[in-house]
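Quick notes on the structure that follows.
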Amino acid sequence: GRAPLSVNVSGYLRDESGWGASARGYVRALRRLGVPTRLADFSALTSNRSGDQTCAEGDALSDWDVNLMCIDAGQHFAVLSRTDEDLFERRYNIGAWAWELQRFPARWYDRFAYYDEIWVGSSFIASAIAPISPIPVVRIPPVMAPSMGGLVAADRARWMRRPDEFLFLFMFDVHSHLPRKNPLAIVEAFRRAFHPAEPVRLILKCVNAESDPAGFRTLVDRASGAQIDIHSGYVSAEELRGLMSSCDAYVSLHRSEGIGLTIADAMGLGKPVIATGWSGNTDF
């Protein structure tokens, strides 16, 4: 019999984002199945903090059968310029792409020529790419590992300011565009629903506020005077799990999500979730 397939996984493997998490999930799944994996990290091409070391080591493969490129379609040529000329030669090439809008940009149609098939994480992304793709588009949902949420739930007191507060939470990346993530709608809904004297708090946890200073200032202004805490900046993965475990409900009033991993994470912890009934998250 022939040796099992070996896979070269290229992606933002240290990136602290949904993009990075998706690529690491595929690596975990391949390793679980005993597939030899070579890893190529392109975290330097992103604007996020890249401190996740869980996928640091790959196998020392001199050759491999399949390329799994967990790379933003917009960065295809930037990645090519940083790799061997023959990376795509004589191999089966899979592009794992995400996209949050209903139309896939025409300026990226030239990337299909490099691939044999495209993986997408939700039927929403498939509906944007499949109609214009000359190659098969396959829905491969992200790998969701059960979180050890119960082990880190003890820091609830850290986030509450009054005893027995009900905590709503939303986590987002300002770099992924405030109009799309739409935290202003959550602030507005929260202010309409609750009086400041009620034992209810909204926690907005974000990163990369500096990518839209004016938009972030507007958010802070709208939130002032209400029981709303805005925590800006990166924290450890452990602290994020602690925060997710501490909340009573998760809210995402997004205008569009390719997948919506934080919504899935909250549901995985058994949290009630209020989310927009449209785009990638409707799959789960």
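The values are calculated or read from the model by the stated rules, or taken from the named source; none is laboratory data. Here the structure is a predicted model, which means the values were calculated and not measured. Here the Cβ positions follow ideal geometry from the backbone for every residue, glycine too, while neighbour counts run over all protein chains shown. When the accessible area is computed, the model is the full protein with side chains, heavy atoms only, and any ligands, DNA or RNA have been set aside. Shrake-Rupley method; radii C 1.70, N 1.55, O 1.52, S 1.80 Å.
In this structure, is Ser252 over 25 Å from Arg156 (Cα atoms), at pLDDT 95 or above, in contact with a helix residue (DSSP H, G or I) (Cβ under 9 Å, 6 or more places away or on another chain) and polar (S, T, N, Q)? No; evaluated as a whole, the condition is false for this residue. Applying the criterion of being open to solvent by 20 Å² or more (accessible area, probe 1.4 Å) and over 20 Å from Ser17 (Cβ atoms) to the residues of segment 110-125, the residue that is nearest to the chain's Cα centre (by Cα) is Ser123.
A quick yes/no check of all residues on (1) of a type outside the set (Val, Ile, Thr); (2) crowded, with 20+ Cβ neighbours inside 10 Å; (3) under 21 Å from the mean Cα position of the chain (by Cα):
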residue	(1), (2), (3)
Ala98	yes, yes, yes
Ile135	no, no, no
Val143	no, no, yes
Ala157	yes, no, no
Pro163	yes, no, no
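Residue check: is Arg107 charged (D, E, K, R), open to solvent by 20 Å² or more (accessible area, probe 1.4 Å) and part of a loop (DSSP other than H, G, I, E, B)? So Arg107 fails the test. Residues in segment 17-50 that are part of a loop (DSSP other than H, G, I, E, B) and not hydroxyl-bearing (Ser, Thr, Tyr): Leu33, Gly34, Val35, Pro36, Phe42, Asn48, Arg49. Flag: Ser236 does not match the condition of being surrounded by fewer than 17 Cβ atoms within 10 Å (Cβ to Cβ), more than 30 Å from Ile118 (Cα to Cα) and touching a strand residue (DSSP E or B) at 6+ places or on another chain (Cβ under 6 Å). Taking the conditions exactly as written (at pLDDT below 95 and acidic (Asp, Glu)), does Glu210 satisfy them or not? Here the answer is no, as Glu210 does not meet what is asked. Here segment 260-280 is the region considered, the condition is being β-branched (Val, Ile, Thr) and open to solvent by 30 Å² or more (accessible area, probe 1.4 Å), and the residue that is nearest to Cys206 (Cα to Cα) is Thr262.
In segment 220-240, what residues are β-branched (Val, Ile, Thr) and part of a helix (DSSP H, G or I)? Passing the criteria: only Val220.
Before we move on, is Phe190 assigned to a strand (DSSP E or B) and among the aromatic types (Phe, Trp, Tyr)? Here the answer is no, as Phe190 does not meet what is asked.
Going by the conditions given, is Asp221 modelled with pLDDT of 95 or more, open to solvent by less than 50 Å² (accessible area, probe 1.4 Å) and among the acidic types (Asp, Glu)? Against the criterion (modelled with pLDDT of 95 or more, open to solvent by less than 50 Å² (accessible area, probe 1.4 Å) and among the acidic types (Asp, Glu)), Asp221 does not qualify. A single member of Gln53, Gln75 is under 24 Å from the mean Cα position of the chain (by Cα), in contact (Cβ under 8 Å) with a residue 24 or more places away in the chain, open to solvent by 80 Å² or more (accessible area, probe 1.4 Å) and on the phi < 0 side of the Ramachandran plot, and it is Gln53. Restricting the first member to segment 101-128 and to residues that are over 16 Å from Arg139 (Cα atoms), and the second to residues that are among the aromatic types (Phe, Trp, Tyr) and open to solvent by 10 Å² or more (accessible area, probe 1.4 Å), the beta-carbon pairs closer than 6 Å and six or more apart or on different chains are Tyr114/Phe88. Scanning segment 236-253 for residues that are closer than 22 Å to Gly121 by Cα and in contact with a Pro (Cβ under 9 Å, 6 or more places away or on another chain) yields Tyr250, Leu253.
Quick one: would you say Ser47 is hydroxyl-bearing (Ser, Thr, Tyr), modelled with pLDDT under 95 and closer than 25 Å to Lys205 by Cβ? It is true that Ser47 is hydroxyl-bearing (Ser, Thr, Tyr), modelled with pLDDT under 95 and closer than 25 Å to Lys205 by Cβ.
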